[in-house]
Amino acid sequence: MGYDARFRVWRGDSDGGALVDFTVEVNEGEVVLDIIHRLQATQAPDLAVRWNCKAGKCGSCSAEVNGRPRLMCMTRMSTFDPAEVVTVTPMRTFPVVRDLVTDVSFNYEKARQIPSFTPPADLKPGEYRMKQVDVERSQEFRKCIECFLCQDTCHVVRDHEDNKQSFAGPRYLMRVAELEMHPLDVADRREMAQEEFGLGYCNITKCCTEVCPEHIKITDNALIPMKERVVDRKYDPIVWLGNKLFRR
Ligand code: SF4
Ligand code: F3S
Ligand code: FES
């Protein structure tokens, strides 16, 4: 059954802005992104919002709904009490471009800094062999839709802008971990994880894992194993050599 919802949406740009109240129709089965689109169509034609698939797969519609990092297209209106005010604000960790759209280029810069997959030089196409467990690990990490909600949530950058320089965030530490644990990757990525990408700043709060719409176990399956490998390297280089030589 339809009803009129109270929405509070942040409007503004890099010079500043404010929350603006709207009353907007909600129909059965709708999600927050539907309501934002209805606002655009009926009351705020210049409201800026980024979206693409409306199916939780492109990672574009990230925002904060009632202060929680969410995909707007996957947040059902039925999860709210019809009497409550629903507040929609842009991701706080990234600079605002306009309204709900943020500049997420921090993430692309971090992605570019990670050296790509490095197989042994003498390995020819068709000679690649991997255990199923290694395939499955990569597959889990590759479910990432680059919504950057984990990056938005992690307190290391959310609460300390200065850390952006030295911390890549959970999404990119996960990428470093994926490559480090890849049995065919010969690069030693542990020092760079620690020194260049700031693995040591992560204190395993798991907030990144909690908000991931793909339910990737970022902390348990990527960050903690990566931390263990960094410790291994520090105390036992033979362990690392053995892993690389005999896990193929
Ligand atoms: Fe989004 Fe999850 Fe990928 Fe982070 S790991 S960017 S939360 S899909
Ligand atoms: Fe941040 Fe996730 Fe670590 S939220 S502190 S990267 S466990
Ligand atoms: Fe694609 Fe929401 S519009 S994830």
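The values are calculated or read from the model by the stated rules, or taken from the named source; none is laboratory data. Just so we're clear, the structure is a prediction, and the values are computed from it rather than from any experiment. Every residue, glycine among them, receives a Cβ derived from its backbone with ideal geometry; neighbour counts consider all protein chains shown. Ligands, DNA and RNA are stripped out before the accessible areas are found, and what is left, the full protein with its side chains, is counted by its heavy atoms. Shrake-Rupley method; radii C 1.70, N 1.55, O 1.52, S 1.80 Å.
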| request: Keeping to pairs on different chains or 8 or more places apart, tell me how many lysine pairs in the range 104-246 have Cα atoms under 21 Å apart. | output: 18
| note | For the range 144-225 the translational diffusion coefficient, Stokes-Einstein from a Kirkwood Rh over Cα pairs at 20 °C and viscosity 1.002 mPa s, in µm²/s, is roughly 168
| message | Using each residue's phi in the range 152-163, evaluate 6.51 cos²θ - 1.76 cosθ + 1.60 at θ = phi - 60° and report the 3J(HN,Hα) Karplus result to the nearest Hz, with x for Gly and Pro. | response | 5, 7, 4, 5, 4, 9, 4, 9, 9, 3, 4, 6
| Hey, could you pull the Cα Rg and Dmax for the range 104-246, both in Å? | 15.1, 47
| Tell me, what is a quarter of the convex hull surface for the C-alpha atoms of the range 3-101, in nm² with one decimal? | 5.8
| query | Which value at 222 nm does the chain reach when only helices count, each DSSP H run of 4 or more adding -39,500 (n - 2.57), with the total divided by all residues and rounded to the nearest 500 deg cm²/dmol? | reply | -9000 deg cm²/dmol
| task | Could you please state, rounded to a whole Å, how far the C-alpha centre of the range 25-51 is from the C-alpha centre of the range 156-207? | result | 36
| task | Normalising by the residue count of the chain, find the relative contact order in percent from Cα pairs under 8 Å and 6+ residues apart. | result | 16
| said: What percentages make up the Cα-Cα pair-distance distribution of the chain when the bins are 10 Å wide from 0? | reply: 7, 28, 29, 19, 11, 5, 1
| note | Heavy-atom accessible area per residue of the chain, all protein chains kept, 1.4 Å probe, expressed in Å², is 52
| note | Taking GluC sites (Glu not before Pro) in a DSSP loop with at most 12 other Cβ atoms within 10 angstrom as exposed, one finds the longest site-free stretch of the chain at 128-248
| What is the set of long-range amide H partners of VAL31 at a cut-off below 5 Å, with H atoms built 1.01 Å from backbone N? | MET77
| field | Sparse-neighbour loop sites [trypsin sites (Lys or Arg not before Pro); the range 100-150; at most 13 other C-beta within 10 Å; DSSP] | value | ARG129, LYS131, ARG142, LYS143
| Amide hydrogen neighbours beyond the local backbone of VAL97, cut-off 5 Å, H modeled | THR102, ASP103
| remark: Expected vector for the range 96-103, Karplus 3J(HN,Hα) from phi with 6.51, -1.76, 1.60 and θ = phi - 60°, integer Hz, x for Gly and Pro, equals 6, 8, 7, 6, 8, 9, 10, 8
| note | With a 1.4 angstrom probe the carbon and sulfur portion of accessible area for the range 126-238, in percent, totals 49
